[in-house]
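K.L.:
Quick one: the structure is below, and I'll ask about it shortly.
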Amino acid sequence: MLRKKTGSVTQELALVPPSKLSIENVSKSFQTATGKVLALDRINLQVNEAEFICLVGPSGCGKTTLLNIIAGLEFPDSGIVLADGKKITAPGRDRLVMFQESALFPWLDVFGNVLFGLKLKPGLTNKDRRDVAKYYLELVGLTKFERANIHELSGGMKQRVALARALAPNPRVLLMDEPFAALDALTREQLYGDLQTIWKEKKKTIVFVTHNVRESACLGDRVVLFSPHPGRIQEEFRIELPRPREMNTSELAEYSGKIMRALKSYRPEQANA
């Protein structure tokens, strides 16, 4: 059971309004040794407050590029991305990224990694920051491991630490770039359940990049299917299943089948037609 907090810590742990994202006519290209590659072509997408949206598509379709643009780590050649009506021009604490690799600091223990993202957050005392870090470690089930070294953790535990670190500054948007891709099937399924519970409790807007069609149907309110070369939105699927969702239900398999059939039906040359 999570500890009760008072004062500034209570304010820090309070629900913040999730952001609404607006992606308007975004295009992005990269210069390579063989010429210019158009990674994203006129992307238009609206993400509602507290919506869990999954971006799915083959390698090279621009999913991660779009995620980086939302994060403020890259910038479009044309078009605009808005968070609550304001143009995104740089990274911000309101939009935090969780990567495929845990990207933890090996010289810090579990507690130190979660605490790291809070050090520059204003309005908190050192005790407040420690209390917030403890809260999120408890939320992801790692209280007993707060003093463990990173190399002592399993892959799933490392990703739990990374999730706690991303949640600790209380962002409005959580951007997740294939965070479970390298994990075994059993660990992934446990984390699917944990993530759905945390999302329901913390009310974050989540944009989740994946190659895994069934994963997208398990987690997303909406699945957006991308086509490659150049990256374009091909189709959207609204997943109208109750939560929490299980990976191996027939209902989820039906949605997964629809998405997979659409993915297989696509041919890259159609994008240039």
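Each value in this text was obtained by applying a stated rule to the coordinates, not by laboratory testing. Since this is a predicted model, take the numbers as computed values, not measurements.
K.L.:
Helix 155-167 sits at what angle to the longest principal axis of the chain, using alpha carbons and giving 0 to 90 degrees rounded to 10?
P.N.:
Tilt of helix 155-167: around 80 degrees.
K.L.:
Can you flag which of Lys87/Lys204; Lys20/Lys127; Lys86/Lys134; Lys86/Lys158; Lys87/Lys134 are past 28 Å Cα-Cα? Can you show the working numbers first?
P.N.:
Numbers: Lys87/Lys204 19 Å; Lys20/Lys127 32 Å; Lys86/Lys134 33 Å; Lys86/Lys158 34 Å; Lys87/Lys134 34 Å.
Checking Cα-Cα distances, Lys20/Lys127; Lys86/Lys134; Lys86/Lys158; Lys87/Lys134 exceed 28 Å.
K.L.:
Hey, another quick one. May I ask for log10 I(q)/I(0) of the range 204-244 at q = 0.16 Å⁻¹, from a Debye sum over the Cα atoms as equal point scatterers with solvent left out?
P.N.:
Once normalised to I(0) and log-transformed, intensities are -0.43.
K.L.:
Once you have the Kirkwood Rh of the range 163-214 from its Cα pairs, apply Stokes-Einstein at 25 °C and 0.890 mPa s and quote D in µm²/s.
P.N.:
Details: Rh = 11.8 Å.
Roughly 208 µm²/s, to the nearest whole number.
K.L.:
Hey, any idea what the orientation-averaged projected area of the convex hull of the range 100-186's Cα atoms comes to, in nm²? All intermediate terms of the calculation are to be shown ahead of the outcome.
P.N.:
Working: hull surface 23.5 nm².
Spelled out: convex hull of the Cα atoms, projected over all directions, averaged, 5.9 nm².
K.L.:
Using only Cα atoms and rounding to the nearest 10 degrees, what angle (0 to 90) does helix 185-202 make with the longest principal axis of the chain?
P.N.:
Between helix and principal axis, roughly 70 degrees.
K.L.:
Next question, about the same structure. Please list 3J(HN,Hα) in residue order for the range 28-36, calculated via the Karplus relation 6.51 cos²θ - 1.76 cosθ + 1.60 where θ = phi - 60°; whole Hz, with x for glycine and proline.
P.N.:
Calculated HN-Hα couplings, in order: 8, 10, 10, 8, 10, 5, 9, x, 7 Hz.
K.L.:
On the Cα set of the range 7-272, report Rg and Dmax in Å, please.
P.N.:
Just the Cα atoms of the range 7-272 yield Rg and Dmax of 18.7, 59 Å.
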